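One structure is given here, and the rest of the page talks about it.
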Amino acid sequence: MKETAMLAQKSTYAQRQLSFLANRSSKNITDSHTEQLRNEIILAKAIKTAQLFDCGQTDDAYQKACEVLALTEPNGAPLHRLTRVLVSGIQRRCYSQTEFLGNLYSDRSSPIAMIKAYDLLAKSTPFIKFAYNACNLAIVAKASNTNRLHIIDIGIGSGNQWSELFSILQGTSFFPKKIHITGIDIPGTERGLEAVRERLSKEARLVGIDFSFTAIAAKAEEMSFADIGVQWSEFLVVNAVLALHYTPAGDAIQNAAHSRLALLKQIKSLNPQLVLMVEPDANHNHAVFDERCHEALQHYIHIFNAFEYLFPRHLRERTILENEFFGKEIINILTASGSDRVERHERKEIWAKHMQDAGFTQAERIFERTSRTLKNIVPTAEPFQISTNRQGISLSFNNASLLAASCWRPANS
């Protein structure tokens with residue numbers, strides 16, 4: 001009985017491994033049976049490469065990666081490109097267990113590549129525009145008539161979200177006359193945060209906003225939110241776009257005081273009127289490798305298929321996005337462990353449970369009221385979709401949810 005159950009489980013997993021091959025979208029190109037078989041072989045070999053590396057069989061993993069590279073084309077179909085990125089990363093990791101971990105944000109050797117990749121993603125795809133403006137429109141819907149707005153932005157980066165917010169506010173006479181932003185970014189970004197302050201100050205003056213800015217260069221989970229100067233008269237918003245999944249969870253937790261749940265409870269202690277988050281809608285926090293491997297390949301093949309729809313195959317910018325941004329994410333997910341694995345995405349349903357456990361409840365119907373405006377701001381058409389759901393609002397490609405935005409408030413407020 002036990003052996004039968006195990007075989008059934010393996011059979012189900014094998015079917016799931018190949019499910020996204022049957023649902024791929026490459027501008028309606030139908031592969032021949034031969035090409036389909038080739039793709040199945042490529043995928044199986046790529047998964048085996050990752051499994052061998054995970055088991056510590058680095059020599060075998062390296063050789064299996066060579067087989068994948070021989071079967072695939074650098075500018076080929078999305079599955080070719082994705083598996084090449086993965087197995088090339090594994091080959092580099094076979095040489096060093098401490099380098100090439102795929103953490104783009106802590107890779108001090110290539111900050112220019114990180115910034116360039118992120119800028120391309122923001123300008124050439126709907127992903128970042130969706131993330132920024134889903135949150136911005138929720139802020140406008142709830143805080144436009146307040147006198148003083150304070151935004152604590154976890155992972156502010158280049159601050160482009162707030163440039164987008166100022167553009168929205170410029171088209172209306174109803175907006176807070178005073179806006180203070182507390183921008184949080186990782187240690188070492190002090191100069192960048194100062195540049196953000198200068199640029200946003202100029203942009204705010206053009207709109208007629210009394211603007212101020214506080215920069216904090218620290219890991220959000222390691223700082224004390226009680227030290228942030230919050231005034232009782234302010235409408236307080238905590239904003240986290242593609243930032244919370246870097247906080248320690250699972251086997252990455254070395255200090256419970258710096259865990260994901262502890263950070264959410266710190267935010268709750270500020271009693272903010274709104275907490276906004278956007279996260280990839282995928283579960284890469286699995287401790288079990290096979291599940292994590294399937295989830296990662298499923299998620300990233302949809303992203304690479306979206307690039308296939310948006311960009312020519314030989315476009316240099318597309319290669320940067322695939323290799324320098326998303327490629328490093330999947331390498332981190334599948335080859336790093338413990339605190340080295342920082343790409344710990346979770347599905348919107350799991351984030352909802354985390355928020356409820358930390359003492360939050362959903363802010364009702366905000367996205368239902370703003371979804372039409374969001375669709376006008378974010379240039380989406382089939383096969384992209386923007387749709388509301390029980391957890392908030394999502395951006396999908398071919399009905400596969402890739403990004404999820406949600407809005408929260410303290411349950412006792």
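The values are calculated or read from the model by the stated rules, or taken from the named source; none is laboratory data. These numbers come from a predicted model, not from an experiment. Note: ideal-geometry Cβ built from the backbone for every residue, glycine included; neighbour counts use all protein chains shown. Only protein heavy atoms, including side chains, enter the accessible area calculation; ligands, DNA and RNA are left aside. Shrake-Rupley method; radii C 1.70, N 1.55, O 1.52, S 1.80 Å.
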Condition set open to solvent by less than 20 Å² (accessible area, probe 1.4 Å) and out of contact with any Gly (no Cβ under 7 Å at 6 or more places or on another chain), scope the range 147-158, selection farthest from ALA226 (Cα to Cα): answer is LEU149
Listed by first then second residue, the pairs whose first member lies in the range 354-372 and is over 21 Å from SER387 (Cα atoms), whose partner is part of a helix (DSSP H, G or I), with beta carbons under 6 Å and at least 6 positions apart or on separate chains, are ALA358/LEU264; ALA358/LYS265; ALA358/LYS268; GLY359/LYS268
Contact list, first residue from the range 120-146 and in contact (Cβ under 8 Å) with a residue 40 or more places away in the chain and crowded, with 24+ Cβ neighbours inside 10 Å, second anywhere and not aliphatic (A, V, I, L, M) and not in a helix (DSSP H, G or I), beta-carbon distance below 6 Å, six or more apart or interchain, is CYS135/ASN239; ALA138/CYS407
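Condition check ((1) in contact with a Gly (Cβ under 7 Å, 6 or more places away or on another chain); (2) in contact (Cβ under 8 Å) with a residue 40 or more places away in the chain; (3) not aliphatic (A, V, I, L, M)) across all residues:
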{"residue": "ARG313", "(1), (2), (3)": "no, yes, yes"}
{"residue": "ARG318", "(1), (2), (3)": "no, no, yes"}
{"residue": "ASP340", "(1), (2), (3)": "no, yes, yes"}
{"residue": "PRO379", "(1), (2), (3)": "no, yes, yes"}
{"residue": "PHE384", "(1), (2), (3)": "no, yes, yes"}
{"residue": "ASN389", "(1), (2), (3)": "no, yes, yes"}
{"residue": "PRO410", "(1), (2), (3)": "yes, yes, yes"}
Taking the range 249-263 and the residues there that are touching a helix residue (DSSP H, G or I) at 6+ places or on another chain (Cβ under 6 Å) and open to solvent by less than 30 Å² (accessible area, probe 1.4 Å), the one that is nearest to GLY359 (Cα to Cα) would be LEU263
So GLY188, is it open to solvent by 40 Å² or more (accessible area, probe 1.4 Å), small (Gly, Ala, Ser) and more than 25 Å from LEU263 (Cβ to Cβ)
no
If I filter the range 267-290 for residues that are open to solvent by less than 10 Å² (accessible area, probe 1.4 Å), part of a helix (DSSP H, G or I) and modelled with pLDDT of 95 or more, do I get at least one hit? yes
Counting only strands (runs of 3 or more DSSP E) entirely within the range 303-413, those with at least 2 residues that are β-branched (Val, Ile, Thr) and either in contact with a Phe, Trp or Tyr (Cβ under 7 Å, 6 or more places away or on another chain) or surrounded by 16 or more Cβ atoms within 10 Å (Cβ to Cβ) (or both) are 384-389
Counting only residues in the range 205-221 that are in a strand (DSSP E or B) and out of contact with any helix residue (DSSP H, G or I) (no Cβ under 6 Å at 6 or more places or on another chain), the one most open to solvent (accessible area, probe 1.4 Å) is identified as ASP210
Across (1) at pLDDT 95 or above; (2) open to solvent by less than 10 Å² (accessible area, probe 1.4 Å), GLN57 clears everything bar (2)
Within the range 159-185, the residues that are surrounded by fewer than 18 Cβ atoms within 10 Å (Cβ to Cβ) and of a type in the set (S, T, N, Q) are SER163, SER167, GLN170, THR172, SER173
Condition set crowded, with 23+ Cβ neighbours inside 10 Å and assigned to a loop (DSSP other than H, G, I, E, B), scope the range 228-248, selection nearest to the chain's Cα centre (by Cα): answer is THR247
Out of (1) assigned to a helix (DSSP H, G or I); (2) farther than 28 Å from GLN391 by Cβ, the one SER167 does not meet is (2)
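Residues of the range 135-156 being farther than 25 Å from ALA215 by Cβ and touching a helix residue (DSSP H, G or I) at 6+ places or on another chain (Cβ under 9 Å), which ones?
LEU137, ALA141, LYS142, SER144
Could you list all residues from the range 169-202 that are without any contact (Cβ under 8 Å) to a residue 60 or more places away in the chain and among the aliphatic types (A, V, I, L, M)?
LEU169, ILE179, ILE181, ILE184, LEU193, ALA195, VAL196, LEU200 - these are the residues of the range 169-202 that are without any contact (Cβ under 8 Å) to a residue 60 or more places away in the chain and among the aliphatic types (A, V, I, L, M).
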Within the range 67-80, the residues that are open to solvent by less than 10 Å² (accessible area, probe 1.4 Å), assigned to a helix (DSSP H, G or I) and not aliphatic (A, V, I, L, M) are PRO78, HIS80
